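Peer 1: Structure provided below as structure tokens; questions to follow.
The values are calculated or read from the model by the stated rules, or taken from the named source; none is laboratory data. Note that the structure is a prediction, hence the values are computed from the model and not measured. Counting neighbours? That spans all protein chains shown, and the Cβs are built from the backbone with ideal geometry, glycine included. For accessibility, only protein heavy atoms count, side chains too; no ligands or nucleic acids. Shrake-Rupley method; radii C 1.70, N 1.55, O 1.52, S 1.80 Å.
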Amino acid sequence: MLRNIIPGGHHCWTNCERWGLSYGEYHYHNGGGSSGSKSSSSKSTTRASSKPQPKPQPKPKAPTYAKSDIKVYVNGSLVKFGSHPLIYNNTNLVPLREIAEGMGAKVNWNKEAGAIGVQRGSHKVTLTIGSRTVFYNGKSESIAVAPKVIDGVTYVPLQVFARGLGSNVSYSARDGIVKITY
């Protein structure tokens, strides 16, 4: 329904988006003439509305990852990472493949399910990309940060991963060194 206020102009109350207008916006058709044709629309600078307009919702913030300068040693040997370890929500994330190889573990990847199986000896860890549930030898636990794929690299929480494979983890904040032993 259109309600005329000034000859040739009106507030849009129906199909506003169809004409590129906001609900209740005052406008003219045919360059401001008095014709009732809907063939064109030009917006005026005045705007009135009897209904409050919804406020635009802020866009969700992108997760913030910071490069980590930690050095990881497994049984005394430095693990060399092809991609930098990261810090996310106060959790060190490391590239999965390199840490698994550094610990002598085998990795199985189920692409369809996004599931990662890692095994070293009798210890098996199963993680799923984006899930905060991890399975240690079949028993589930919740973790603070889910495994993630960032720029094509799969990252896992370092402590969760190492402990799941039956290892001890120690961290020296002063040196930025993580020691994993088994």
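Peer 1: Only one of Asn137, Asn108, Asn92 is polar (S, T, N, Q), open to solvent by less than 70 Å² (accessible area, probe 1.4 Å) and either modelled with pLDDT of 95 or more or within 22 Å of Tyr65 (Cβ to Cβ) (or both); which?
Peer 2: Just a single option satisfies the conditions, and that option is Asn92.
Peer 1: Considering only residues that are assigned to a loop (DSSP other than H, G, I, E, B), out of contact with any helix residue (DSSP H, G or I) (no Cβ under 9 Å at 6 or more places or on another chain) and polar (S, T, N, Q), which ones fall in the stretch 130-145?
Peer 2: Ser131
Peer 1: When you check Thr128 against the structure, is it β-branched (Val, Ile, Thr) and at pLDDT below 95, yes or no?
Peer 2: In short, no.
Peer 1: Quick check on my filter: what residues within the stretch 146-178 are assigned to a loop (DSSP other than H, G, I, E, B) and either surrounded by fewer than 17 Cβ atoms within 10 Å (Cβ to Cβ) or in contact with a helix residue (DSSP H, G or I) (Cβ under 6 Å, 6 or more places away or on another chain) (or both)?
Peer 2: Result: Asp151, Gly152, Gly166, Ala173, Arg174, Asp175, Gly176.
Peer 1: Determine whether Tyr73 is of a type in the set (Phe, Trp, Tyr), in contact (Cβ under 8 Å) with a residue 60 or more places away in the chain, open to solvent by 30 Å² or more (accessible area, probe 1.4 Å) and more than 21 Å from Asn168 (Cα to Cα).
Peer 2: Against the criterion (of a type in the set (Phe, Trp, Tyr), in contact (Cβ under 8 Å) with a residue 60 or more places away in the chain, open to solvent by 30 Å² or more (accessible area, probe 1.4 Å) and more than 21 Å from Asn168 (Cα to Cα)), Tyr73 does not qualify.
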